[in-house]
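To keep things clear, I will list the structure first and then write my remarks on it.
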Amino acid sequence: TQSKLPGTGTNIFSVMSKLAEEHKAINLSQGFPDYEADPKLIEYVADAMKQGFNQYAPMTGLPVLRELIAEKMNHLYSADYHPETEVTVTAGGTQAIFTALNAYINAGDEVIIFEPAYDCYAPTIKMLGGLVKPYQLAPPNYEIDWEMVKKLFSANTKMIILNSPQNPTGCVLSEKDIKALIKLTKNTDIMILSDEVYEHIIFDGKKHQSVALYPELRERSFIVASFGKLLHTTGWKLGYCLAPEALMKEFRKVHQFNVFSVNTPMQLGVAKYLKDPQSYLGLSAFFQQKRDLFRSLLAETKFKLLPCNGSYFQCVSYEHLSDEKDVAMAERLIKEYGVASIPVSAFYIRNTDHHVLRFCFAKKQETLEKAVERLVKL
Ligand code: PMP
Ligand code: GLN
């Protein structure tokens with residue numbers, strides 16, 4: 001029988017993390033912290049388990065957590081999402097993306113994505129019989145020319161996926177970008193899937209341009225968020241989705257048969273933790289310190305640093321050093337230098353020859369220092 005995803009192999013994060021382990025390399029490839037989450041948070045989750053909160057949560061998520069999410073949206077973006085009808089707790093951002101796409105994408109629908117794009121978008125669209133319309137961004141600045149985006153529009157354009165701050169480039173959308181998008185999609189039914197999992201990791205005083213800030217977009221948008229990024233707990237696979245009631249109704253029809261509900265004690269523990277907004281407000285400062293340190297260390301290597309305005313990823317170009325394809329270069333860095341990265345070509349559908357690698361800096365200072373000690377030898 002025919003594969004639903006011919007040409008798709010194992011995702012790049014699994015491949016690179018495995019190779020890093022085999023070669024005992026410092027793993028700056030897959031994005032996850034190598035330090036512990038706040039012990040208080042762990043304690044809250046453990047307490048919930050010990051207190052017997054170990055059975056199914058409501059299908060849409062625990063009310064106490066949905067209410068706090070709605071409060072957070074109100075506090076940060078003055079956006080009203082009704083906790084009962086417009087907020088759903090998911091098994092990470094990935095499941096929220098999968099579910100939103102499943103709820104709306106039919107065979108022949110076109111979805112515009114901005115490449116380099118996070119790896120789960122395109123295969124999910126393809127599985128549904130949708131067509132991926134990639135807009136290719138290019139280093140060093142990965143800027144969007146909205147007039148060119150317009151050229152991708154057709155009568156079948158169903159959805160646009162945004163991701164700001166963007167994985168892997170660290171680029172963030174500006175107010176000007178959003179205004180251009182509003183102008184382009186005015187008087188259309190084009191939906192937006194806004195992947196905002198790095199909303200709290202944005203640097204140099206920049207303001208996160210959530211689609212929640214713009215009523216014209218909000219009314220036809222899904223917003224995806226991840227507690228893995230917010231709380232340094234990627235292994236918990238906990239996130240949420242926000243959308244206006246009519247969209248959320250369709251989302252939940254899929255969600256109930258996709259995972260039904262998400263684990264109870266973590267939802268309770270996270271809710272207790274989020275009661276204090278300080279638990280997330282300091283995240284940008286925390287990561288800016290890491291970004292600044294990592295960039296100053298990398299300045300001693302031969303790599304050319306690309307801009308990083310958000311997320312916990314730093315991209316570097318080695319175009320001036322070698323013609324080697326990025327996958328080969330990333331493998332060589334693991335085997336010969338003991339440092340794992342992600343080749344950015346993995347985030348494009350078509351072949352590119354950009355010679356760019358992505359490093360994750362959600363790591364302890366000593367990990368970053370050790371990694372760069374090895375990279376300076378290149
Ligand atoms: N979107 C982006 C851009 C991401 O980087 C990630 C995590 N790597 C996700 C979605 C998925 O988030 P989660 O781990 O919560 O499923
Ligand atoms: N989001 C993480 C990254 O970009 C990894 C997620 C995953 O392993 N699927 O590295």
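Some points to look at:
- Bridges between two residues of segment 123-240, per DSSP, are antiparallel at a rate of about 20%.
- Per-residue 3J(HN,Hα) values for segment 27-40, derived from phi via the Karplus relation 6.51 cos²θ - 1.76 cosθ + 1.60 with θ = phi - 60°, read 8, 9, 8, 4, x, 7, x, 10, 10, 7, 6, 4, x, 4 Hz in sequence order (x marks Gly and Pro).
- Cα-based shape type of segment 37-125, given that a ≥ b ≥ c are square roots of the gyration tensor eigenvalues and the cut on a/c is 1.5: prolate
- Estimated vicinal HN-Hα couplings, Hz - segment 113-123 in sequence order (Karplus 6.51, -1.76, 1.60; Gly, Pro = x): 10, 9, 9, x, 10, 3, 6, 7, 5, 4, x
- Database remark: amide H of TYR240 closer than 5 angstrom to the amide H of THR90, ALA225, SER226, PHE227 (H placed geometrically; neighbours at sequence offset of 5 or more, or on other chains; Pro and chain starts carry no H).
- Taking label points 7 Å from Cα along the Cα-to-Cβ direction, SER296 and LEU213 give a separation of 2.9 nm.
- Computed P(r) (all Cα pairs; the chain; 10 Å bins; percent): 5, 24, 33, 26, 11, 1
- Burial order of peptide ranges 195-205, 142-152 (average beta-carbon count within 10 Å, highest first): 195-205, 142-152
- Segment 143-271: C-alpha gyration tensor shape, a/c 1.5 cut-off, then a/b vs b/c: oblate
- Our summary gives segment 39-276 a relative contact order of 33 percent, counting only alpha carbon pairs under 8 angstrom and 6 or more residues apart.
- Rounded to 5, the percent of DSSP beta bridges in the chain classed as antiparallel: 45
- Charge context of PRO265, other residues only, Cβ under 12 angstrom, K/R +1, D/E -1: 0
- From most to least packed by mean Cβ count within 10 Å, the peptides 93-103, 176-186, 227-237 give 93-103, 227-237, 176-186.
- Global form of segment 304-378, assessed from the alpha-carbon gyration tensor, a/c cut-off 1.5: oblate
- Fewest-first sequence of LYS50, LYS325 by Cβ atoms within 10 Å of each Cβ: LYS50, LYS325
- Karplus-derived 3J(HN,Hα), 6.51/-1.76/1.60, for each residue of segment 86-102, Hz, glycine and proline x: 10, 10, 10, 7, 10, 7, x, x, 4, 5, 5, 5, 4, 5, 4, 5, 4
Bear in mind these aren't lab numbers, they're just calculated from the coordinates by the rules spelled out. Since the model is a prediction, treat every value here as computed from it, not as a measurement. A quick note on method: Cβ atoms are made from the backbone with ideal geometry, for glycine too, and the neighbour counts reach across all protein chains shown.
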